[in-house]
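Note sheet for the following structure.
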Amino acid sequence: HITMKDITEFPNLIIINSFGRGGSIFFQSLFDGHPNITTLPSFGSIYSDISEEIIAEQNIFNKEVEKFISKNQNIFDTSRGFLGKGKGYTSGLFGQNANEHIVTDINIFKKKINELKTRYFNDKKSISRKFFFILVHLSFYEIYFGKCNNIKYLLYHPHNFFELRYLIKDFPDLYFIGMSRNPL
């Protein structure tokens, strides 16, 4: 089992979570273009659906990747989730003219996550949920922007409180941004 002390090059976590309709999706979009931060084109809980420990053997790892893809279709095609509702929502579409969906080729994602697994965990027998989660984020980043050498933070927007106990345990030095709308 690998820990953060073993690998210091992995990014830390920033969590955005709203208390009611606090503008957290808009706030996530502000971080999205930062050169040291990577985030997924979605929000909602994904962390707790990842197995706590994943055997690094290729077939088992690939099954976890398949499970992740099937449970998170909206990450690979934004038209399938809240962000795909478009008109009338704070951030429905992407691109310069706010008229595009982000569609990520699943086969390219599978190839990239396996490349990163080999790069960082080639000699490990298992990979924790935390590091699988990091691999997912870095894979997306590398698909769209190239090498992830400058990434210092993952931005995650679970949009619920259930996952916080797992995240705090696995990322003890995380940063938490809680947002609330002024009730007045």
Open item on the list: Being open to solvent by 30 Å² or more (accessible area, probe 1.4 Å), modelled with pLDDT of 90 or more, of a type in the set (D, E, K, R) and on the phi < 0 side of the Ramachandran plot is the requirement here; does LYS63 meet it?
Closed with: yes
Open item on the list: If a residue counts only when it is in contact (Cβ under 8 Å) with a residue 12 or more places away in the chain and open to solvent by 100 Å² or more (accessible area, probe 1.4 Å), which helices (runs of 4 or more DSSP H) contained entirely in the range 106-176 have at least 3 such residues?
Closed with: none
TODO: Determine the pairs where a residue that is under 13 Å from TYR144 (Cα atoms) and open to solvent by 50 Å² or more (accessible area, probe 1.4 Å), located within the range 30-56, has a partner that is part of a loop (DSSP other than H, G, I, E, B) and of a type outside the set (Asp, Glu) with Cβ atoms under 7 Å apart, the partner being 6 or more residues away or on another chain.
DONE: PRO35/ASN150
- [ ] Could you tell me which residue of the range 73-105 is modelled with the highest pLDDT, considering only residues that are acidic (Asp, Glu) and open to solvent by less than 80 Å² (accessible area, probe 1.4 Å)?
- [x] ASP105
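The values are calculated or read from the model by the stated rules, or taken from the named source; none is laboratory data. The structure displayed is predicted, hence computed values, not measured ones. A quick note on method: Cβ atoms are made from the backbone with ideal geometry, for glycine too, and the neighbour counts reach across all protein chains shown. Note: areas computed on protein heavy atoms with side chains; ligands, DNA, RNA excluded. Shrake-Rupley method; radii C 1.70, N 1.55, O 1.52, S 1.80 Å.
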